[in-house]
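Quick one: the structure is below, questions incoming.
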Amino acid sequence: MAKRGRNQQSSGSAQRPRFWGRHAVEAALANPERVVRKLWATRQAADQLEIPKDLIVVFADAADLGRMVPADAPHQGLVAEVDPLEEVWLSDILSQDGGGPIVVLDQVTDPHNVGAVLRSAAAFDAAAIVTQDRHAPSEGGALAKAASGALELVPWVRVVNLSRALEEVAEGGYWRIGLAGETPTTLDEALGPQKVALVLGAEGEGLRHNVAQHCDVLARLPISDRVESLNISNAAAIALYAAAERSK
């Protein structure tokens, strides 16, 4: 599961993020590893949830809830204050059976993109996502909403040094594929029978040189020349689908 989060918005305390929206809140309530401290809800939205009897619930109208979250955030009548999830270690992920793909994100800082990647990772049974500790968003409402519940399902490993983490991934038997548009090798050509780690860089900048050097191969998605590149969350979804198809 995801490591500690430090919410930097006004949507929650310094150590406790606030989630909003039905999928994010419902998934948090269903996750036995997540501690939900308090729930604000409209009565209509609360009636559709299974709420633990010991949870503090404050009933409010939609306008009041709207003032608790960023402007125009689609809270759907639900706001929850939660504890960040416990830290997950990369070694624990690598020691597990199954061999689902690992998604490594190199300085992807947009919480909406990371949330969308988590959602795709859940859809294609990824083993985990891996990010740097300092250059990635923390757990927060925007990310949890974009993940649509997947934040509670996909382990999120935060590391200090991504290059060293990729060395550990290789020692764990994973073939490291860095997605880059400038290489002639396509993703289909790069995929093999091994377990794979898909390494994606930030939009615009792509993979940093040192991170690319710690990949076994660089590969591109064979997209039309009419489009320069794809959003990172779209690229991750396509790569995860390709990896899933190859593993069948």
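The values are calculated or read from the model by the stated rules, or taken from the named source; none is laboratory data. A quick note: this is a predicted structure, and the numbers were derived from the prediction, not measured. Positions of Cβ are backbone-derived with ideal geometry, glycine not excepted, and every protein chain shown enters the neighbour counts.
Out of segment 61-101, which residues are of a type in the set (A, V, I, L, M), assigned to a loop (DSSP other than H, G, I, E, B) and surrounded by fewer than 17 Cβ atoms within 10 Å (Cβ to Cβ)?
Matches in segment 61-101: Ala71 only.
OK, next. Do we find that Ala45 is more than 15 Å from Gly149 (Cα to Cα), touching a Gly at 6+ places or on another chain (Cβ under 6 Å) and not basic (Lys, Arg) in this structure?
Spelling it out, Ala45 is indeed more than 15 Å from Gly149 (Cα to Cα), touching a Gly at 6+ places or on another chain (Cβ under 6 Å) and not basic (Lys, Arg).
Among the residues of segment 59-80, write down those that are touching a residue at least 24 places away in the same chain (Cβ under 8 Å), closer than 18 Å to Arg37 by Cβ and of a type outside the set (Val, Ile, Thr).
Answer for segment 59-80, where residues must be touching a residue at least 24 places away in the same chain (Cβ under 8 Å), closer than 18 Å to Arg37 by Cβ and of a type outside the set (Val, Ile, Thr): Leu65, Met68, His75, Leu78, Ala80.
Only one residue in Arg158, Arg220, Arg176 is surrounded by 15 or more Cβ atoms within 10 Å (Cβ to Cβ), of a type in the set (Lys, Arg) and at pLDDT below 95, so which one is that?
Arg220 is the lone residue from the list that is surrounded by 15 or more Cβ atoms within 10 Å (Cβ to Cβ), of a type in the set (Lys, Arg) and at pLDDT below 95.
Give me the pairs, please: first residue somewhere in segment 115-129 and part of a loop (DSSP other than H, G, I, E, B), second residue anywhere and aromatic (Phe, Trp, Tyr), beta-carbon distance under 8 Å, and either six or more positions apart or on two chains.
Once the first residue is part of a loop (DSSP other than H, G, I, E, B) and sits in segment 115-129, its partners that are aromatic (Phe, Trp, Tyr) give Phe124/Tyr241.
Looking at (1) within 15 Å of the chain's Cα centre (by Cα); (2) more than 28 Å from Pro17 (Cβ to Cβ), can you tell me which one Thr186 breaks?
The number of the failed condition is (1).
Something else about it: Inside segment 134-248, counting only helices (runs of 4 or more DSSP H) that do not spill past its ends, which hold 1 or more residues that are over 18 Å from Gly115 (Cα atoms)?
Here the list reads 162-171, 187-190, 209-213, 232-246.
Quickly run through segment 125-155 and pick out the residues that are surrounded by fewer than 23 Cβ atoms within 10 Å (Cβ to Cβ), out of contact with any helix residue (DSSP H, G or I) (no Cβ under 7 Å at 6 or more places or on another chain) and not charged (D, E, K, R).
His135, Ser138
Does Val160 satisfy being farther than 17 Å from Ser95 by Cα and touching a Ser or Thr at 6+ places or on another chain (Cβ under 7 Å)?
no
Here is a further query. Of (1) within 15 Å of Gly140 (Cα to Cα); (2) at pLDDT 95 or above, Trp40 satisfies all except one. Which?
Only one criterion in (1) within 15 Å of Gly140 (Cα to Cα); (2) at pLDDT 95 or above is unmet by Trp40, namely (1).
Okay, moving on. Return the only residue of Leu187, Leu200 being at pLDDT 95 or above, more than 23 Å from His135 (Cα to Cα) and surrounded by 19 or more Cβ atoms within 10 Å (Cβ to Cβ). Please lay out each step first, then the result.
Values: Leu200 fails: more than 23 Å from His135 (Cα to Cα).
Just a single option satisfies the conditions, and that option is Leu187.
If you don't mind, another one. Which one of these does Glu81 not meet: (1) out of contact with any Phe, Trp or Tyr (no Cβ under 9 Å at 6 or more places or on another chain); (2) at pLDDT 95 or above; (3) charged (D, E, K, R)?
Glu81 satisfies every listed condition except (1).
Just to be sure I understand, how many residues within segment 102-114 are crowded, with 21+ Cβ neighbours inside 10 Å and not in a strand (DSSP E or B)?
Result for segment 102-114: 4.
Turning to a different aspect of this structure: Free of Cβ contacts under 8 Å to residues at least 12 places away in the same chain and acidic (Asp, Glu): which single residue out of Asp188, Asp216, Asp225 fits that description?
Values: Asp188 fails: free of Cβ contacts under 8 Å to residues at least 12 places away in the same chain; Asp216 fails: free of Cβ contacts under 8 Å to residues at least 12 places away in the same chain.
One residue alone meets the criteria, Asp225.
If I ask for residues that are touching a Leu at 6+ places or on another chain (Cβ under 8 Å) and either of a type in the set (Gly, Ala, Ser) or farther than 17 Å from Ala242 by Cβ (or both), which ones from segment 87-106 would you list?
Leu105, Asp106
Additional query: So the check is Cβ under 6 Å with 6+ separation or different chains; which pairs have a first residue in segment 17-43 that's under 13 Å from Pro84 (Cα atoms) and a second one that's surrounded by fewer than 18 Cβ atoms within 10 Å (Cβ to Cβ) and modelled with pLDDT of 95 or more?
Listed by first residue and then by second, the contacts come to Val35/Asp83.
Can you name the residue in segment 1-20 that is at pLDDT below 95 and touching a Leu at 6+ places or on another chain (Cβ under 8 Å) and, of all such residues, is nearest to Gly66 (Cα to Cα)?
Across segment 1-20, the extreme among qualifying residues is Gly5.
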